[in-house]
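Notes to accompany the following structure.
The values are calculated or read from the model by the stated rules, or taken from the named source; none is laboratory data. Predicted model, so just to flag it, every value in this text is computed and none were measured. Quick reminder, even Gly has a Cβ in these numbers, built from the backbone with ideal geometry, and neighbours come from all protein chains shown.
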Amino acid sequence: MNGLITVILNVYNGEKYVKKCLDSIINQTYKNLEILIINDGSTDNTLKIINEYKDNRIRIITTNNLGLSLSRNVGIDNAKGEYIYFIDVDDYIELDTIEYLYGISKQYDVKISTCETIIVYNKPKINNIKEKINVETNLTMIKKVLLSKGRHGAIWNKLIKREMFNDLRFEDRIINDIVVVYKLLLKTDKIGYSNQKKYYYLKHQNSITGKRNPDRAIDSYKASIERYNNIDKIYPNMLENKISVLVNIIDVYNHNNEITDTYLKEKHANKTFKKLFSIKILKTNLNTKEKIKIILYRTNPKIERFFQKHKKRY
């Protein structure tokens with residue numbers, strides 16, 4: 001019999017999305033699932049909707065609004081499966097997603113398998129492309145994460161061997177995925193990757209990543225510096241590692257907020273930028289838009305901010 005897989009769904013006030021998300025989970029072609037729902041103190045009809053499902057694979061744990069990071073840890077602590085798969089409540093997946101990733105994990109003997117994401121605004125646009133499965137080295141995948149290629153830095157859309165979390169948990173902070181994913185990648189030597197799109201990521205103004213929050217921006221900067229220092233100890237002078245910090249500094253700067261501006265000044269971010277900058281970035285796989293941002297910022301931060309503010313006019 002195929003191994004048990006735990007799908008962890010963390011939800012707080014997700015009444016608008018939970019049914020579509022949960023339908024996509026319970027109807028998976030892979031049936032040996034433990035569907036672990038962490039209801040993080042929802043005050044709307046989320047729990048009522050979940051309770052309408054009569055599926056003995058569903059296990060509900062209600063917590064007192066711990067926040068996404070800590071409620072994910074509750075899921076990990078209670079998971080019984082051989083593998084763990086995270087999904088956000090406002091997203092959904094293809095009905096063969098779990099079976100597909102499990103097949104990759106077993107065929108190629110990897111502890112992490114992943115595929116591509118479809119970003120949903122109104123109606124998803126699906127590009128039918130010829131299947132291509134690679135066994136990536138952890139270094140290759142880390143570089144993709146650092147350059148923000150696809151959604152590789154997110155914890156969802158990955159089937160992960162539960163043992164990978166034996167000594168790893170999410171931190172109680174605003175930014176959580178990027179401080180965990182790279183650590184998972186460092187703990188294994190290979191990752192199964194498919195170019196097939198199986199995860200539907202809903203982009204909307206109420207999503208956490210869709211909100212411009214100065215505190216989130218500052219925590220993102222802190223996380224990028226922590227990640228840079230940790231990776232640099234193992235892979236010193238990796239250009240992609242430097243680029244990730246440069247891009248993050250620019251993103252925080254472009255909040256154009258007194259709080260973020262003051263923080264960057266206190267942390268001497270411009271000095272850090274100049275130290276890590278290299279013209280060699282033009283030879284990397286970083287997209288052209290990001291390369292231009294970095295060059296403009298290096299020339300004069302105010303020019304880059306002006307460009308970002310008025311780019312829609314051009």
Failed criterion for Asn287 (all others in (1) polar (S, T, N, Q); (2) in contact with a helix residue (DSSP H, G or I) (Cβ under 8 Å, 6 or more places away or on another chain); (3) closer than 22 Å to Tyr228 by Cα hold):
(2)
Check every one of the helices (runs of 4 or more DSSP H) wholly within region 223-314 and list those with 3 or more residues that are under 24 Å from the mean Cα position of the chain (by Cα) and without any contact (Cβ under 8 Å) to a residue 24 or more places away in the chain.
288-299
Flag if Ser113 is in contact (Cβ under 8 Å) with a residue 12 or more places away in the chain, in the same structural domain as Gly153 (by TED's automatic domain parsing), assigned to a strand (DSSP E or B) and under 25 Å from Gly153 (Cα atoms)
yes
Which numbered condition Ile37 misses (of (1) in a strand (DSSP E or B); (2) more than 23 Å from the chain's Cα centre (by Cα)):
(2)
Pick from region 176-212, criterion at pLDDT below 90 and assigned to a loop (DSSP other than H, G, I, E, B), ranking: farthest from Val89 (Cα to Cα):
Arg212
Among the residues of region 17-31, is any in a strand (DSSP E or B) and assigned by TED's automatic domain parsing to the domain that holds Gly192?
no
Flagged in region 43-72 as of a type in the set (S, T, N, Q), crowded, with 19+ Cβ neighbours inside 10 Å and under 23 Å from the mean Cα position of the chain (by Cα), in numbering order, are Ser69, Ser71
Subset of region 162-175 (residues that are of a type in the set (A, V, I, L, M, F, W, C) and at pLDDT 95 or above):
Met164, Phe165, Leu168, Phe170
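Here's the yes/no breakdown for (1) among the hydroxyl-bearing types (Ser, Thr, Tyr); (2) outside the structural domain of Lys144 (by TED's automatic domain parsing); (3) at pLDDT below 95:
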residue: Asn254; (1), (2), (3): no, yes, yes
residue: Tyr263; (1), (2), (3): yes, yes, no
residue: Glu266; (1), (2), (3): no, yes, no
residue: Phe273; (1), (2), (3): no, yes, no
